[in-house]
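Below: the structure, in structure tokens.
The values are calculated or read from the model by the stated rules, or taken from the named source; none is laboratory data. Quantities reported herein were computed from a predicted structural model and do not represent experimental measurements. Cβ placement follows ideal geometry from the backbone for every residue including glycine, while neighbour counts extend to all protein chains displayed. Just the protein is used for accessible areas: all its heavy atoms, side chains included, with ligands, DNA and RNA removed. Shrake-Rupley method; radii C 1.70, N 1.55, O 1.52, S 1.80 Å.
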Amino acid sequence: MKEILIKAVIFISSFLISLFVISSIMNRGTTDMTVEMGEATLPVVSVVNGDREINRMYGIKSVVEPNMMRDTLTPLNEGRNLDIRIKKYGNHFKEVAYEVRSLDAERLIEDTEILDYIEDDDFIEARLNIKDLINDGKEYILAVRLTNEQGQKIYYYTRIIHEPKLHEAEILDFVRDFTDRTFDKSAARSLTTYLESDSSGDNSTYQFVNIHSSFDQITYGSLNPEKPETVLTDILEMDDSTASLKNSFILKRGEGDDAVFYDVSEYFRVRYTEKRIYLLNYERTMEEVFDPDSENAFVSDKIVLGISDPDVVMEENEDGGVVAFVQNGSLYAYRNSDSKAIRVFSFFEKGDDDERNRNSDHGIKILQVDEAGNISFLIYGYMNRGRHEGETGVSAYYFNSALNQIEEEVYIPYKRSYQFLKYEIEKFSYSPDGNKLYLYLGGRLLDIRLDEKKDSIMAGNIYFDSFVVSKSARTAAWQAKNDSGIFVCDFNSGNVREILGDPGVTIRALGFLGEDLVYGSSTGEHSIESRIGVSMESMEKIYIESSDGELLKTYSKDGIYITGVEVRNDEISLSRITMEEGVSGNFLSIAPDIIVNNDPETGDRNAVITVATEELETITEIALAGHINTSSVHVVSPKEVLFEGDRTVDVKDDEDSSKMLMVYSRGGIDGICESEVRAVDLAEERGGVVVKSTGRYLWQKGNRAAEKNLNDITEPPISESQDAQFTAVLSAIFSHEGITADNEEIAGMEGSLVDIIEEEIDGSDALTLGGCSLSSVLYYVSIGRPVVAEVEGGNIVMIVGYDPKNTVIYDPSTGSIYKKGMNDSTEWFASHGNEFVSYVV
């Protein structure tokens, strides 16, 4: 009898649990009504430059930070005007107007309604005559403002500049001609003048080609695609000598049902001279548009993605029977049990040529795939259409496999650009169970409960550089501003622990090896801070600690100090120094050391592979754990659950944006840094620019004159002591900037050179550039700012000029200005740690 009762209890309990689980899955939404995603409705605005349309802009309905909307740069015509074309898409407007703001968006310079324009059924063409309130050579924010019949204001952003020396017409002609010629091998022969084909170019794939690729790769080999009818050109950056631009277009191969389409993006960086245009860099990416309806999409045990980036966003359930993946900004899934292919989410449909639906300013993050094939995922960025059309934000979605429905669970509005949001989402976003969502947004670590539509703040005031995440995103560590300890969270369990350093010891989170935290400690005894303001924090020890707090390894060596750590894949690279004997405060760089992770990651059951083919060269495929019954594959597209009420979660910003330095290149953000050195080094590597949140440029690749001399800086008096040299350098800088101050007054100023420059030179940003290359810091001399350096014995010198073969050195210790060979200068400064300081105004 007892056994019967026990069995009955177990049966009833199992039944109730099963009923609860099934009910949760089947009734995740508040209603069983479903709808198709709403069509795009907003107009599109383009700049008209001669016979071209450039800098296409998509409408923004939500509140944004205009200083973060810096996708494109539009040069004004000679008369300080520009022409725009508005593709109406059936809209009518109460007002067509524009605003001009300062680059930091703090000052409204002009707000003007456009009364004189040409309109037909499809387009409005208008000329914007910018008032004479802007300075030549300076960038501003332009917002075209359309007010529709319902009174809603729609904004379109670009930066504008009036500078007669930009040569945009010639550069745009060059870029268009280059692209056109790649489709005609005979005409393309002239392009060999610009190419730098060599062994570094990868000639095994059409997915990525660059300036080093072969002529055959640049001209699409034997693919023979149709020349595109429409090429969209964006000007990303432009000055009087260099420019960065991007072309985007859709390629087609084949006809009818056999036609294959490709999203293609070209990046150009060029230098203009009176004699010719030089191609400094060229990169082209090519992504096949995945078509699950194609008979070639599923073959044997593979999903064929074709000519595509092998770095595929893919997740699978535990047994590998369901795989979800992202292609061309759309989410797909394949369920092996019933040979079902699912187009889970996409802003565009097959054969859709609506430019608004094909806008690629959004991303998809797959959070979880469960055993039933249900998928939790994020859509983040600009919303092309649907209920949030024209907004930038994060939508958390749930795909119900049994009902073939998707449901938005939470929507988080976002005030910055897609590129900024992309960087934050890729930095950290994680869901352990499909109901909790953890995000790092705006300097805060957020815990969002999807069922309750509420968020809570786990931690705030966290800078980018102080937040490190494991590769799986299961574990993260951070240090909030003014906190001495390191907080570590395992998001699967929700447990948070704190690591504290010993008294007098500071600790810093550095990264992860697998789920093991890497952090360093410093007593501060061997950290260096020079008189000019360059500081170098060195760590005596490195620790590796498991996710449950067990100390796995300690690294330290007598007399050797760690100044930098790079965690990549399964190893840690340590930058190291040793103190120079007999010279206080001087150090010598020594070879880096490597710590290797001996616990390799386990692989997925389904795997992304690349395959060499004769016709298409290298293609990308997903090799599945099970065999595909190709004859029974069928494709479904889920509808979206219609719900009542508001599922918006507003997240406030905790970030001190004044500390953020953005590195832009190729039309996107490559890094967000606090350190000027890290930002400049990354921009140098990527061929980009460093920009403050205010919009001010702090560094630009390629924008450097061939030679420059700051001729108003004259020979200094001989100064043997460091204090006298410090005074001489500051005196020269002040005189250069038109500031009157005698030596006695300067000698009484407190703080480092960086502190004094920011205090005394209005509107300046002083930059500590210790560790940057000489080549990088010559940019500042080029724009008219001296570069201060500390060399042997703590002597202080300045770079006040350069030419291709020499630098010009202002040396108070000798009381002279002299030339020093470029190679000798490079070695000289490097041997003393490249301790540089400069500034921008």
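Odds and ends about this structure:
- Answer from G306, G351, G320, G256 - the residue that is more than 24 Å from L403 (Cβ to Cβ), of a type in the set (G, A, S) and in contact (Cβ under 8 Å) with a residue 24 or more places away in the chain: G306
- Only one entry of G763, G793 meets the criterion of being open to solvent by 10 Å² or more (accessible area, probe 1.4 Å) and more than 19 Å from Q700 (Cβ to Cβ), and that entry is G793.
- Those residues of the stretch 559-576 which are in contact with an Asp or Glu (Cβ under 9 Å, 6 or more places away or on another chain) and of a type in the set (K, R), in sequence order: R576
- Scanning the stretch 275-300 for residues that are assigned to a loop (DSSP other than H, G, I, E, B) and either over 18 Å from I628 (Cβ atoms) or open to solvent by less than 50 Å² (accessible area, probe 1.4 Å) (or both) yields K275, R276, V289, F290, D291, P292, S294, A297.
- Residue check, I672 buried (at least 17 other Cβ atoms within 10 Å of the Cβ) and under 34 Å from the mean Cα position of the chain (by Cα): yes
- Filter result for the condition that a residue is within 34 Å of the chain's Cα centre (by Cα) and closer than 14 Å to E835 by Cβ, over V788, V781, V797: V788
- Listed conditions (1) closer than 26 Å to S547 by Cα; (2) touching a strand residue (DSSP E or B) at 6+ places or on another chain (Cβ under 7 Å); (3) in contact (Cβ under 8 Å) with a residue 24 or more places away in the chain are all met by D447, apart from (3).
- Residue within the stretch 145-154 that is under 27 Å from S244 (Cβ atoms) and part of a strand (DSSP E or B) present: no
- Against the test of being open to solvent by 30 Å² or more (accessible area, probe 1.4 Å), in contact (Cβ under 8 Å) with a residue 60 or more places away in the chain, more than 29 Å from G38 (Cα to Cα) and not aromatic (F, W, Y), the options T620, T630 yield a single qualifying residue, T630.
- Conditions (1) surrounded by 18 or more Cβ atoms within 10 Å (Cβ to Cβ); (2) farther than 30 Å from A396 by Cα; (3) of a type in the set (S, T, N, Q); (4) touching a residue at least 40 places away in the same chain (Cβ under 8 Å): number failed by S731: (4)
- Qualifying position, being under 24 Å from the mean Cα position of the chain (by Cα), assigned to a strand (DSSP E or B) and within 24 Å of M37 (Cα to Cα), among Y438, Y411, Y398: Y411
- Number of positions in the stretch 321-354 that are under 17 Å from E287 (Cα atoms) and open to solvent by 30 Å² or more (accessible area, probe 1.4 Å): 6
- Here L195, L191 are screened, and the one residue that is modelled with pLDDT of 95 or more, closer than 13 Å to E266 by Cβ, in contact with a helix residue (DSSP H, G or I) (Cβ under 8 Å, 6 or more places away or on another chain) and not in a strand (DSSP E or B) is L191.
- D122 vs. criteria more than 31 Å from the chain's Cα centre (by Cα), over 25 Å from L232 (Cβ atoms) and open to solvent by 30 Å² or more (accessible area, probe 1.4 Å): no
- Hey, E163 part of a helix (DSSP H, G or I), within 24 Å of G50 (Cβ to Cβ) and more than 26 Å from the chain's Cα centre (by Cα) or not: no
- Flag if D309 is over 27 Å from the mean Cα position of the chain (by Cα) and surrounded by fewer than 19 Cβ atoms within 10 Å (Cβ to Cβ): no
- Qualifying positions in the stretch 431-443 - of a type outside the set (S, T, N, Q) and buried (at least 22 other Cβ atoms within 10 Å of the Cβ): L437, L439, Y440, L441, G443
- Conditions (1) open to solvent by less than 40 Å² (accessible area, probe 1.4 Å); (2) modelled with pLDDT under 90; (3) assigned to a loop (DSSP other than H, G, I, E, B); (4) not aliphatic (A, V, I, L, M): number failed by H526: (1)
- Checked against the criterion of being open to solvent by less than 20 Å² (accessible area, probe 1.4 Å), under 30 Å from G79 (Cβ atoms) and either free of Cβ contacts under 8 Å to residues at least 12 places away in the same chain or aromatic (F, W, Y) (or both), the candidates F249, F178 yield just one match: F178.
- Pair list, Cβ < 7 Å and 6+ apart or interchain, from the stretch 561-573 residues that are over 11 Å from N597 (Cα atoms) to residues that are of a type in the set (D, E): Y561/E540; S573/E566
- Scanning the stretch 698-722 for residues that are among the small types (G, A, S) and open to solvent by 70 Å² or more (accessible area, probe 1.4 Å) gives a single hit, A706.
- Annotation note: Cβ proximity below 9 Å between a residue of the stretch 396-424 that is within 11 Å of G381 (Cβ to Cβ) and a residue that is hydrophobic (A, V, I, L, M, F, W, C) and open to solvent by 30 Å² or more (accessible area, probe 1.4 Å) (sequence gap 6+ or interchain) occurs for Y414/V651.
- Any hit, the stretch 721-735, residues being out of contact with any Phe, Trp or Tyr (no Cβ under 9 Å at 6 or more places or on another chain), of a type in the set (A, V, I, L, M) and either part of a loop (DSSP other than H, G, I, E, B) or modelled with pLDDT of 90 or more (or both): yes
- The number of residues in the stretch 209-238 being open to solvent by 70 Å² or more (accessible area, probe 1.4 Å) and either touching a strand residue (DSSP E or B) at 6+ places or on another chain (Cβ under 9 Å) or charged (D, E, K, R) (or both) comes to 6.
- Just one of the listed residues (G79, G59) is of a type outside the set (S, T, N, Q) and buried (at least 22 other Cβ atoms within 10 Å of the Cβ), and it is G59.
- Check on Y117, of a type in the set (F, W, Y), under 24 Å from R56 (Cβ atoms) and in contact with a helix residue (DSSP H, G or I) (Cβ under 7 Å, 6 or more places away or on another chain): no
- Sub-7 Å Cβ pairs linking a first residue in the stretch 113-129 that is of a type in the set (S, T, Y) to a second residue that is surrounded by fewer than 16 Cβ atoms within 10 Å (Cβ to Cβ), at least 6 apart or interchain, are Y117/E125, ordered by first then second residue.
- Filter result (surrounded by fewer than 12 Cβ atoms within 10 Å (Cβ to Cβ), farther than 22 Å from K87 by Cα and touching a strand residue (DSSP E or B) at 6+ places or on another chain (Cβ under 9 Å)) within the stretch 125-149: K131, L133, D136
- Restricted to the stretch 255-272, and to residues there that are out of contact with any Asp or Glu (no Cβ under 9 Å at 6 or more places or on another chain) and open to solvent by less than 40 Å² (accessible area, probe 1.4 Å), the residue that is nearest to E163 (Cα to Cα) is V270.
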